[in-house]
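What follows draws every value from the coordinates through simple rules; no lab data is involved. Because the structure is a prediction, the values reported are computed rather than measured. Glycine also receives a Cβ, built like all others from the backbone with ideal geometry; neighbour counts cover every protein chain displayed.
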Amino acid sequence: MRQLILLLHLVALVLVAGSCKDKTKAKSFEQLADNLKTHFVSDSRVDRFEIQHKSGFNGLYLEGYTTIPAAYDSLQATLANGFVVAGDNFRLLPDEVVGAQTAGIIKVSVANLRSKPGHSQELATQALLGTPIQVLDFQDGWYLVRTPARYLAWLEPGAFVRMTPEEAKLWLNSDLRVFDAKSGEVLQSPNEELTPNIISTIVLGSLVKFSKTGTGAYDEIELPDGTIGHLLSADLADPKAWLKTETLEVDLLLGVARNLAGRPYLWGGNSANALDCSGFTKTAYYLNGFVTPRDASQQVHAGTEVELTPDFSNLLPGDLLFFGGYRDNGSEKITHVGFYTGNGRFLHSGADNGRIMEQSFLPEDPDFAPHRLESLMHARRLSPGTPGVVPVGEAFGRVLE
């Protein structure tokens, strides 16, 4: 009996020692994983390193994914240096879950991308008909995708056509047309009296494939999913110059922005139908041939800084203005962006206004916006060749690499 009791005590000591060792190893690994994430991921909206782990007597069990090859390689090197791995389900995206079809083309007029899988989740951003995307993962019936602005979000399968990167490049290199009106309808037949006749709606900046010159005022076009339709010839333009734009004319930039005035505010909105603050500025640049970062807190790092002065004398029309405040730890929090239009005025899409409108920083003006003046923090000039300002064609190519 005494020998049995001694044996049980010994087993208990071994279990306690093993448990302490496991906890130490787990804590050590957790610190290493946190360091890897801090090093490789400066913004989880454009790159991810998500890892979960637990430890057992056989070693570490890992789950998660990253979108960064160097982060994946560093993790594997870390594991090989002193860790026993019992189960490694940490993935580098894209992988076999999506297979060879790691690209796609948006096939609806405006696709809604969510912050998490599910229709009830936050609207993170939108993508227009004909836009190429990278397909990274599939969970709960939704795909994790990357837009040409490198933005990561979740998209339902019905909103795009899955392709290999080579197939997507072929589509983008075909005889395309860009839709050049604020909004319209793709018709099944040029006979406007036919009912029902509408295949899809379409918005400014969408891409379709030209099929042939139609009858009357319509051309025959093809949507990314192969559907044949008809659009007014006057609303279609050759996108070649737009896709390869190298210069930016501020008058045209502000002209596009002003043409969007009155459009409603929508959190996550990024089309001519409705826009949030950064969706508005991004769309104006996009329609002038350049892709910028998606959110205001990202756009504030694009272009070059312009010093703010009380009389706004350093600013030029077209400069971006950034608004916000400070967190409890003293760091800046950028929450809003708009265009400077000159003479102490700015054009923006604000939730408090409900629509895109121009307002003033000057107290003597009837549309003076005191809370905007008080929260003005930065001004940036986004020009071709400056950080974060990428020609549309180049941004399309990068997302399909």
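Within a straight-line Cα-Cα reach of under 13 Å, K54 can be paired with the following aspartates and glutamates, leaving aside sequence neighbours fewer than 8 residues apart in one chain: D22, E30, E63, D88.
Longest exposed-loop-site-free stretch of the chain, with trypsin sites (Lys or Arg not before Pro), DSSP loop and at most 14 other Cβ within 10 Å? Mind dumping the intermediate values first?
Working: sites that count: K182, K244, R327.
Of all site-free stretches, the longest is 1-181.
Positive-end ranking of T227, I199, G216 along the dipole of the range 176-243, with charges on Cβ about the Cα centre, is headed by T227.
So for the chain, averaging the separation of alpha carbon pairs under 8 Å that are six or more residues apart and normalising by length, what relative contact order in percent results?
Computed over the chain, the figure is 12 percent.
Overall shape: oblate for the range 128-249, with the ratio a/c of the largest to smallest alpha carbon gyration tensor axis at 1.5 or above and b/c at least equal to a/b. Reported to the nearest whole Å, the Cα centre-to-centre distance from the range 313-347 to the range 233-269 is 21. Simple rule: put +1 on each Lys or Arg Cβ and -1 on each Asp or Glu Cβ in the range 250-397, find the dipole, and look at F322, P264, M377; the Cα lying farthest toward the positive end is P264. Per-residue ellipticity at 222 nm, computed for the chain from helices alone with -39500 (n - 2.57) per DSSP H run of at least four residues, works out to -7500 deg cm²/dmol.
Between the Cα long axis of helix 69-80 and the first principal axis of the chain there is an angle of about 0°, rounded to the nearest 10.
Taken about its Cα centre, the chain carries a charge dipole of about 1340 debye when Lys and Arg each add +1 at the Cβ and Asp and Glu each add -1 at the Cβ.
Taking each of K27/K116; K244/K282; K107/K182; K107/K244; K107/K209 in turn, the alpha-carbon distance tops 21 angstrom for K27/K116; K107/K244. Labels on offer are [x] 43; [y] 48; [z] 70, and the one holding percent of Cα pairs over 31 Å apart computed from this structure is [y]. Annotation note: GluC sites (Glu not before Pro) in the range 296-387 located in DSSP loop regions with a Cβ neighbour count of at most 13 within 10 Å are E307, E364.
Tell me the net charge near I228. Cut-off is 12 Å between Cβ atoms, I228 excluded, with +1 for each Lys or Arg and -1 for each Asp or Glu. Local net charge: -2.
Principal-axis analysis of the Cα atoms of the chain puts helix 250-259 at an angle of about 90° to the longest axis.
Each of M163, M357 was scored by other Cβ atoms within 10 Å of its Cβ. Arranged with the fewest first, they read M357, M163. The ellipsoid equivalent to the alpha-carbon distribution of the range 250-397 has semi-axes of 22, 18, 16 angstrom, derived from the gyration tensor eigenvalues as √(5λ) and listed largest first.
In a simple Cβ point-charge model (Lys, Arg +1; Asp, Glu -1; nothing else charged), the range 159-217 has a dipole of about 180 debye relative to its Cα centre.
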